[in-house]
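Here is the structure we will look at, set down as structure tokens.
The values are calculated or read from the model by the stated rules, or taken from the named source; none is laboratory data. This structure is a prediction, so every number in the text was calculated from the model and none was measured. Positions of Cβ are backbone-derived with ideal geometry, glycine not excepted, and every protein chain shown enters the neighbour counts. The area values use the complete protein model at the heavy-atom level, side chains included, leaving out ligands, DNA and RNA. Shrake-Rupley method; radii C 1.70, N 1.55, O 1.52, S 1.80 Å.
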Amino acid sequence: MKTELILVGRTADKHFQAGISDYAARIGHYMPFHINVIPELRNTKNLTEEQQKQAEGELILKQLQPQDTVVLLDEHGQELRSVELARWLERRQQSARRLVFVIGGPYGFSSAVYDRADEKLSLSKLTFSHQMVRLVFTEQLYRACTIIKGEPYHHE
């Protein structure tokens with residue numbers, strides 16, 4: 001199973017970039033993993049929030065293939081403990097050809113992206129910056145991989 005993380009806009013903070021790159025490389029030891037960065041929209045001050053979501057949504061949808069299993073990282077998604085995420089990932093590895101996670105822009109997702117999604121996951125009831133969500137998610141995906149393999153990274 002191939003796994004991809006789609007991000008809207010680059011990760012600006014160099015510390016977050018370093019952490020994300022480190023975890024992405026670690027994940028790559030367990031499964032094919034790729035981060036796809038969709039460039040930020042230009043001149044957004046002339047767009048409403050809804051127009052920005054629509055434009056970003058079109059760019060996201062262009063990256064998806066019909067057979068993809070698409071999972072949005074969304075505040076209204078299902079919350080899982082790390083061990084539950086590992087079991088969830090294990091099940092998806094059995095059924096998905098390409099598992100695509102998406103972290104949207106600052107205003108969330110367009111209705112078209114929500115309609116295309118197969119599932120939504122939430123990392124927490126807390127609100128994180130979009131930059132931080134990227135780091136937290138890649139760490140949790142790596143943690144799930146180590147749990148599946150029974151490695152000692154995760155402690156109960």
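The figures follow:
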quantity	calculated
Lone unmet requirement of (1) touching a strand residue (DSSP E or B) at 6+ places or on another chain (Cβ under 7 Å); (2) without any contact (Cβ under 8 Å) to a residue 12 or more places away in the chain for GLY77	(2)
Condition broken by PRO152, with the remaining ones in (1) modelled with pLDDT of 95 or more; (2) loosely packed, with under 13 Cβ neighbours inside 10 Å satisfied	(1)
Residue that is modelled with the highest pLDDT, among those in segment 75-91 that are farther than 15 Å from LEU141 by Cβ and out of contact with any Ser or Thr (no Cβ under 6 Å at 6 or more places or on another chain)	GLN78
Residue list for segment 75-91, restricted to those being under 13 Å from the mean Cα position of the chain (by Cα) and open to solvent by 50 Å² or more (accessible area, probe 1.4 Å)	GLU75
Where SER124 falls short, out of the listed (1) part of a helix (DSSP H, G or I); (2) hydroxyl-bearing (Ser, Thr, Tyr); (3) over 25 Å from LEU47 (Cα atoms); (4) without any contact (Cβ under 8 Å) to a residue 60 or more places away in the chain	(1)
Conditions (1) in contact with a Gly (Cβ under 8 Å, 6 or more places away or on another chain); (2) at pLDDT 95 or above: number failed by PRO39	(2)
GLU119 open to solvent by less than 80 Å² (accessible area, probe 1.4 Å), under 15 Å from LEU5 (Cα atoms), of a type in the set (Asp, Glu) and modelled with pLDDT of 95 or more	yes
Whichever residue in segment 92-108 is open to solvent by 10 Å² or more (accessible area, probe 1.4 Å) and within 21 Å of LEU47 (Cβ to Cβ) and, among such residues, is modelled with the lowest pLDDT	PRO106
Flag if ASN36 is without any contact (Cβ under 8 Å) to a residue 60 or more places away in the chain, within 21 Å of LYS120 (Cα to Cα) and not β-branched (Val, Ile, Thr)	yes
Whichever residue in segment 60-74 is charged (D, E, K, R) and surrounded by 14 or more Cβ atoms within 10 Å (Cβ to Cβ) and, among such residues, is farthest from SER129 (Cα to Cα)	ASP68
Restricting segment 18-40 to residues that are farther than 14 Å from PHE137 by Cβ, more than 14 Å from the chain's Cα centre (by Cα) and not charged (D, E, K, R), the residue that is least open to solvent (accessible area, probe 1.4 Å)	MET31
Residues satisfying the stated conditions in segment 122-149, i.e. under 16 Å from GLU90 (Cβ atoms), of a type in the set (D, E, K, R) and surrounded by 13 or more Cβ atoms within 10 Å (Cβ to Cβ)	ARG143
